[in-house]
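J.: Pasting a structure below so you can have a look.
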Amino acid sequence: MRLEPTEVDGVRFVRPFSAHDARGGFVKAIHAPTFAEHGLATDYPEVFWSSSRAGVIRGMHLQVPPHDHDKLVLCVAGRVLDVALDLRAGSPTFRRVAARELDGRDGTGLYIPRGCAHGFLALSDDAVLMYAVTSVHSPAHDTGVRFDSIGFDWPRGDWPGDSFVVSDRDRALPLLDAWETPLS
């Protein structure tokens, strides 16, 4: 397992151990000693997943204090372009974006520290992301910024209509320039 730094302080590209043969594949997604060597949490009281078709954008979401959390996002099927945005005002990478293509064939992922928003673009019709978070979801502390206000060039694909599929909730999120961070 390798945990590689990205453009955003604290965000790690996760390359789990994976092996494939005639039977199929095996992926070891979490190895607590390796995460501990990097100072990353592995106590996850809530784990969930989402499934999306090509062209779907989800994000940019985060939880704010006191229910903020570190998040491990792993692709378990299909492919996504995963994006993390630093919203920590005191961070040396404040407002910077880290983006990596994640692939379910090898279970790649991103470790996203508290204070960073997360979103993704599904690149395949069978994209499934698993999330492990260090706090239980609190609707009152759930927020985010609009995906198209973060200065990131979301790629266009060959999905029907060549337009993104975005929820009404995500379209109603505030623009980054209008978002006041409660994070340090």
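J.: Search the range 99-124 for residues being in a loop (DSSP other than H, G, I, E, B) and among the hydroxyl-bearing types (Ser, Thr, Tyr), and hand back the single one that is farthest from HIS137 (Cα to Cα).
T.: SER124
Conditions (1) within 20 Å of THR42 (Cα to Cα); (2) touching a Phe, Trp or Tyr at 6+ places or on another chain (Cβ under 8 Å); (3) free of Cβ contacts under 8 Å to residues at least 40 places away in the same chain; (4) not hydrophobic (A, V, I, L, M, F, W, C), marked per residue:
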{"position": "ARG96", "(1), (2), (3), (4)": "no, no, no, yes"}
{"position": "LEU110", "(1), (2), (3), (4)": "yes, yes, no, no"}
{"position": "ASP126", "(1), (2), (3), (4)": "no, no, no, yes"}
{"position": "VAL133", "(1), (2), (3), (4)": "yes, yes, no, no"}
{"position": "VAL145", "(1), (2), (3), (4)": "no, yes, no, no"}
{"position": "PRO174", "(1), (2), (3), (4)": "no, no, yes, yes"}
{"position": "GLU180", "(1), (2), (3), (4)": "no, no, yes, yes"}
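J.: Scan VAL165, VAL145 and give me the residue that is closer than 15 Å to ARG58 by Cβ, at pLDDT 95 or above, touching a strand residue (DSSP E or B) at 6+ places or on another chain (Cβ under 8 Å) and of a type in the set (Val, Ile, Thr). Give the steps one after another, and end with the answer.
T.: Details: VAL165 fails: at pLDDT 95 or above.
Being closer than 15 Å to ARG58 by Cβ, at pLDDT 95 or above, touching a strand residue (DSSP E or B) at 6+ places or on another chain (Cβ under 8 Å) and of a type in the set (Val, Ile, Thr) holds for just one of VAL165, VAL145, which is VAL145.
J.: Answer with yes or no whether ASP68 is part of a loop (DSSP other than H, G, I, E, B), crowded, with 20+ Cβ neighbours inside 10 Å and either in contact with a helix residue (DSSP H, G or I) (Cβ under 9 Å, 6 or more places away or on another chain) or acidic (Asp, Glu) (or both).
T.: Yes, satisfied.
J.: Do you know which of the residues in the range 42-99 that are of a type in the set (Ser, Thr, Tyr) and over 20 Å from VAL166 (Cα atoms) is modelled with the lowest pLDDT?
T.: Kept after step one, since they are of a type in the set (Ser, Thr, Tyr), are these residues of the range 42-99: 42, 44, 50-52, 91, 93.
Among the residues that remain, those that are also over 20 Å from VAL166 (Cα atoms) are: 42, 44, 91, 93.
Values: THR42: 90, TYR44: 95, SER91: 94, THR93: 97.
Once the filter is applied, the top-ranked residue is THR42.
J.: Which one of the conditions (1) at pLDDT below 95; (2) closer than 22 Å to LEU81 by Cα; (3) touching a helix residue (DSSP H, G or I) at 6+ places or on another chain (Cβ under 7 Å) does LEU3 fail to meet, given that it meets all the rest?
T.: Exception for LEU3: condition (1).
J.: Continuing with the same structure: Restrict the check to the range 74-86 and report whether at least one residue is among the basic types (Lys, Arg), crowded, with 16+ Cβ neighbours inside 10 Å and in contact (Cβ under 8 Å) with a residue 12 or more places away in the chain. It would help to see each step written out before you state the result.
T.: Our first condition is that a residue be among the basic types (Lys, Arg); within the range 74-86, this holds for 79.
Filter once more, so that each one left must be crowded, with 16+ Cβ neighbours inside 10 Å: 79.
Of the ones still in play, those that are also in contact (Cβ under 8 Å) with a residue 12 or more places away in the chain are 79.
There is at least one residue in the range 74-86 that is among the basic types (Lys, Arg), crowded, with 16+ Cβ neighbours inside 10 Å and in contact (Cβ under 8 Å) with a residue 12 or more places away in the chain.
J.: Can you tell me how many residues in the range 50-60 are outside any loop (DSSP other than H, G, I, E, B) and surrounded by fewer than 20 Cβ atoms within 10 Å (Cβ to Cβ)?
T.: 2
J.: Which pairs do you get when a residue that is among the acidic types (Asp, Glu), found in the range 22-46, comes within reach of a residue that is not in a loop (DSSP other than H, G, I, E, B), reach meaning Cβ atoms under 7 angstrom, with the pair 6+ apart or on two chains?
T.: GLU46/VAL133
J.: From the list TYR131, TYR111, pick out the single residue that is modelled with pLDDT of 95 or more, farther than 26 Å from ARG171 by Cβ and surrounded by 19 or more Cβ atoms within 10 Å (Cβ to Cβ).
T.: Testing whether each residue is modelled with pLDDT of 95 or more, farther than 26 Å from ARG171 by Cβ and surrounded by 19 or more Cβ atoms within 10 Å (Cβ to Cβ) leaves just TYR111.
J.: Taking into account only those residues within the range 87-108 that are buried (at least 22 other Cβ atoms within 10 Å of the Cβ) and over 16 Å from ILE57 (Cβ atoms), which is nearest to the chain's Cα centre (by Cα)?
T.: The qualifying residue nearest to the chain's Cα centre (by Cα) is ALA98.
J.: Is it the case that the range 19-39 has a residue that's assigned to a strand (DSSP E or B), surrounded by fewer than 19 Cβ atoms within 10 Å (Cβ to Cβ), of a type outside the set (Ser, Thr, Tyr) and under 14 Å from the mean Cα position of the chain (by Cα)?
T.: no
The values are calculated or read from the model by the stated rules, or taken from the named source; none is laboratory data. Remember, predicted model here, so these are calculated numbers, not experimental data. We place every Cβ from the backbone using ideal geometry, glycine too, and count neighbours over all the protein chains shown.
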